[in-house]
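Undergrad: Supplied in structure tokens, the structure appears directly below.
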Amino acid sequence: SVCFEKRLEPRTPQASSEITIRFAEEKDAQLLCNLGKETFHDAFSAYPQMPKDDLALYLDEEFTVAKFAAQLADENAFFLLAECAGNALGYAKMEINQRMPEVDLNNPVKLRRLYCKQSVVGRGVGA
């Protein structure tokens, strides 16, 4: 594993921009694919540990409509979409029943991915 540090300037949310969260549906596979590619690229393209060719290959292989459609159909996973005025800002992928030996919980949920557009980082989309 490699840890990265990214300094963020505080941003004040605009009063007119209310962020809503909804469950993604099968019809959102293309939207999630596009959003996933954009947000993953923006999150990792600036790091020297991520060669551009490797990143491009990963994006082409992992961020496909077919893969998102399969993930949306998985009964042990769900996606949450953050939107503002009908525009997708970010998403989270959650997995249910993800047990860990050292954690004794009923109905555990694992946060698998959490990404948002760079333009809204610091505005509470992740929260």
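Undergrad: Most fluctuating residue of LEU32, LEU81, LEU111 in a GNM of the chain with Cα springs under 10 Å: which is it?
TA: LEU111
Undergrad: Cα gyration tensor of region 59-127, axes a ≥ b ≥ c as square roots of the eigenvalues: rounded (a/c below 1.5), prolate (a/b > b/c) or oblate? Show your work: numbers first, answer last.
TA: Numbers: a/c = 2.24, a/b = 1.38, b/c = 1.62.
It is oblate, given that a/c is not under 1.5 and a/b is not larger than b/c.
Undergrad: Moving to a separate point now. For the chain, with a Gaussian network of springs between Cα atoms less than 10 Å apart, report the residue from ALA82, ALA92, ALA46 with the top mean-square fluctuation.
TA: The residue that fluctuates most here is ALA46.
Undergrad: Another question, if that's okay. Number of Lys-Lys pairs in region 15-127 under 14 Å by Cα, sequence gap 8 or more or different chains?
TA: 6
Undergrad: Can I ask one more? State in Å² the accessible area per residue of region 30-113; use a 1.4 Å probe, count heavy atoms of protein chains only, and round to the nearest integer.
TA: Per residue, region 30-113 has 61 Å² of solvent-accessible surface.
Undergrad: Continuing with this model, one more query. So, R0 is 22 Å and r is the distance between the beta-carbons of ALA66 and VAL109; what FRET efficiency does that work out to, to 0.05?
TA: Efficiency at R0 = 22 Å is approximately 0.30.
Undergrad: Given [x] 64; [y] 59; [z] 54 as candidate values of percent of Cα pairs over 17 Å apart, which corresponds to the one derived from the coordinates?
TA: The value computed from this structure is option [x].
The values are calculated or read from the model by the stated rules, or taken from the named source; none is laboratory data. Just so it is clear, the structure is predicted and the values come from calculations on it, not from any experiment. Counting neighbours? That spans all protein chains shown, and the Cβs are built from the backbone with ideal geometry, glycine included. Surface accessibility is based on the protein's heavy atoms, side chains included, excluding ligands, DNA and RNA. Shrake-Rupley method; radii C 1.70, N 1.55, O 1.52, S 1.80 Å.
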